[in-house]
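Engineer: Handing you a structure now.
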Amino acid sequence: MEELGPLFVHPYQPDQFWILILIVSLPAIVASLYVLIRGQLPAALSSSLMILLPLVAYLLGDIHLMDESKRVNYCGSCHEAMSPMFETMHNDDSTLAGFHYKRGAISHQTACYSCHSGYGLSGDMTAKLAGMRHMLQTALGSEDYPLRLRRSFDIDSCLDCHAEAKPFRAIEDHRELDIQEALLARDMGCTGECHETAHPEEARHGAAAFAEAR
Amino acid sequence: MARFAALLILVSQLLLLRIVFDTTGPPSTWFTFVGHPLVAAGAVLGIWALTRRLIREAHEHKMAEREDH
């Protein structure tokens with residue numbers, strides 16, 4: 001990337017939020033060690049150093065993790081389930097996800113989250129809850145292959161970019177009222193019938209099966 | 001009690017520090033599912049230990065005042 005010049009380096013830089021976490025967490029750690037060795041702190045310091053600071057540090061940690069978990073690298077770190085998706089998105093632009101990714105139609109930093117979070121605040125909240133379920137499944141090794149969506153894909157994620165795009169509006173099928181009504185009623189989705197599924201079928205079976213298939 | 005609370009808080013903060021330096025899958029799983037219960041339990045035990053201590057100190061102070069009189 002560097003040989004192309006600084007214009008081609010993504011402007012996203014991780015925030016410095018972690019410094020704030022350290023500022024809050026380190027006194028709590030020192031106080032905990034002190035109590036472990038000496039038995040107690042002065043009462044006036046106990047409530048702040050041993051109770052408030054650890055809780056505030058966790059609140060800051062939650063905010064930090066919420067933000068960082070939007071990143072593609074975070075999703076890809078669950079190796080067994082996500083690495084095939086990750087790999088095909090990076091290397092195979094014949095798929096819908098790869099096509100969007102390689103053309104820069106979605107952010108390279110938050111590509112997974114952009115499409116899978118749904119639309120609006122409720123979409124964010126649903127995505128975070130789903131993320132927690134995925135973390136638990138990964139920790140317990142209880143993923144159910146082949147991976148599949150629990151419900152139909154939220155086409156508002158597609159329409160967020162495409163609804164007002166001229167090429168999208170120019171397609172005759174998109175202008176058919178019957179199709180529009182079926183899409184808005186969620187009786188049909190963008191993928192599966194008209195457009196191919198976003199990720200290749202073999203990527204839904206986990207890293208081991210994907211490696212064998214390739 | 002205070003030492004046990006301190007131990008829980010210490011472990012929870014170490015789990016927090018892991019996600020500061022590495023926010024990938026396994027550290028975030030530990031932080032979310034182990035760290036939060038630990039910090040909550042540590043805070044509750046800390047409040048409990050502090051309350052008992054304050055009551056004991058108040059009682060001792062009262063007894064000392066009575067003895068002075």
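The values are calculated or read from the model by the stated rules, or taken from the named source; none is laboratory data. In this text, all values refer to a predicted model and were calculated from it rather than measured experimentally. FYI the Cβ positions are ideal-geometry reconstructions off the backbone, even for glycines, and counts take in every protein chain you see. These area figures cover heavy atoms from the full protein model, side chains too; ligands, DNA and RNA do not enter into them. Shrake-Rupley method; radii C 1.70, N 1.55, O 1.52, S 1.80 Å.
Engineer: Which positions within the stretch B:34-51 get 30 Å² or more of their accessible surface covered by the other protein chains, compared to the chain by itself, with a 1.4 angstrom probe?
Structural biologist: Listed by number, the residues meeting the 30 Å² cut-off are B:HIS36, B:VAL39, B:ALA43, B:LEU50.
Engineer: Another one. Give a quick list of trypsin sites (Lys or Arg not before Pro) in chain B that DSSP marks as loop, anything other than H, G, I, E or B, with at most 10 other Cβ atoms within 10 Å.
Structural biologist: none
Engineer: Calculate for chain A the 222 nm mean residue ellipticity that helices alone would give, adding -39,500 (n - 2.57) per DSSP H run of length 4 or more and normalising by residue count, nearest 500 deg cm²/dmol.
Structural biologist: -17000 deg cm²/dmol
Engineer: Normalise the Cα radius of gyration of chain B by 2.2 N^0.38 Å (N = residues in it) and let me know the number.
Structural biologist: Chain B yields a ratio of 1.67.
Engineer: Right, here's the next one. At 1.4 Å probe size, what's the solvent-accessible area of A:ARG71? Round to the nearest 10 Å².
Structural biologist: Solvent-accessible area, nearest 10 Å²: 50 Å².
Engineer: Rounded to the nearest 0.05, what FRET efficiency do A:GLU172 and A:GLU212 give with R0 = 41 Å and r taken as the Cβ-Cβ distance? Could you check?
Structural biologist: About 0.45, to the nearest 0.05.
Engineer: Please give the net charge around A:TRP18, taking every other residue with its beta carbon less than 12 angstrom from that of A:TRP18, where Lys and Arg add +1 and Asp and Glu add -1.
Structural biologist: Surrounding charge for A:TRP18 is -3.
Engineer: Among A:ALA57, A:PRO84, A:GLN137, whose Cα sits farthest toward the positive end of the charge dipole of chain A (+1 at Cβ of Lys/Arg, -1 at Cβ of Asp/Glu, about the Cα centre)?
Structural biologist: Result: A:ALA57, furthest along the dipole toward the positive end.
Engineer: Roughly what % of Cα-Cα distances in chain A sit above 29 Å, to the whole percent?
Structural biologist: Everything past 29 Å amounts to 44 percent.
Engineer: Tell me, what is the percent relative contact order of chain B, built from C-alpha pairs under 8 Å that lie six or more residues apart?
Structural biologist: That works out to 42 percent.
Engineer: Rounded to the nearest 10 Å², what accessible area does B:ILE47 show when all protein chains are kept and the probe is 1.4 Å?
Structural biologist: About 90 Å², rounded to the nearest 10.
Engineer: Something else: Quick test of the membrane-span-like rule: which DSSP H helices of chain A reach at least 15 Å along their long axis (C-alpha atoms) with mean Kyte hydropathy at least 1.6?
Structural biologist: The qualifying helices are A:17-38.
Engineer: Same structure again: What dipole magnitude, in Debye to the nearest 20, does the protein assembly as shown give about its Cα centre under +1 on Lys/Arg Cβ and -1 on Asp/Glu Cβ?
Structural biologist: 1380 debye
Engineer: For the stretch A:118-203, restrict the atom set to alpha-carbon positions and state the Rg and Dmax in Å.
Structural biologist: Here Rg and the maximum Cα pair distance are 15.7, 47 Å.
Engineer: Multiply the residue separation of A:SER122 and A:THR197 by 0.36 nm, subtract the distance between their alpha-carbon atoms, and state the gained length in nm to one decimal.
Structural biologist: Length gained between A:SER122 and A:THR197: 24.6 nm.
Engineer: Cα axis of helix B:36-68 to longest principal axis of chain B: angle in degrees, 0 to 90, nearest 10?
Structural biologist: That helix lies at roughly 10 degrees to the long axis.
Engineer: May I pose another question? Taking K and R as +1 and D and E as -1, what net charge do the other residues with C-beta under 14 Å from the C-beta of A:ALA165 add up to?
Structural biologist: +2
Engineer: What dipole magnitude, in Debye to the nearest 20, does the stretch A:1-146 give about its Cα centre under +1 on Lys/Arg Cβ and -1 on Asp/Glu Cβ?
Structural biologist: In debye, rounded to 20, the stretch A:1-146 gives about 500.
Engineer: On a 0 to 90° scale, report how tilted helix B:2-21 is relative to the longest principal axis of chain B, with both axes built from alpha carbons and the result rounded to the nearest 10.
Structural biologist: 30 degrees
Engineer: Still on this structure: With every protein chain kept in the model, how would you rank A:PHE17, B:PHE21 by accessible area, 1.4 Å probe, largest at the top?
Structural biologist: Sorted by accessible area, descending: B:PHE21, A:PHE17.
Engineer: Once you measure Cβ to Cβ distances between cysteines in the protein assembly as shown, which Cys have no partner under 4.7 Å?
Structural biologist: Cysteines lacking a close Cβ partner in the protein assembly as shown: A:CYS78, A:CYS115, A:CYS158, A:CYS161, A:CYS190, A:CYS194.
Engineer: DSSP loop (so not H, G, I, E, B), at most 15 other Cβ within 10 Å: list which trypsin sites (Lys or Arg not before Pro) in the stretch A:96-162 pass both filters.
Structural biologist: In loop regions of the stretch A:96-162 (DSSP not H, G, I, E or B), the sparsely surrounded trypsin sites (Lys or Arg not before Pro) are A:ARG103, A:ARG148, A:ARG150, A:ARG151.
Engineer: Using the reciprocal of the averaged 1/r over all distinct C-alpha pairs, how large is the Kirkwood radius of the stretch A:10-52 in Å?
Structural biologist: 11.9 Å
Engineer: If I model a spin label as a point 7 Å beyond the Cα along the Cα-Cβ vector, how far apart are those points for B:ARG66 and A:ALA165 in nm?
Structural biologist: Roughly 8.1 nm, to one decimal.
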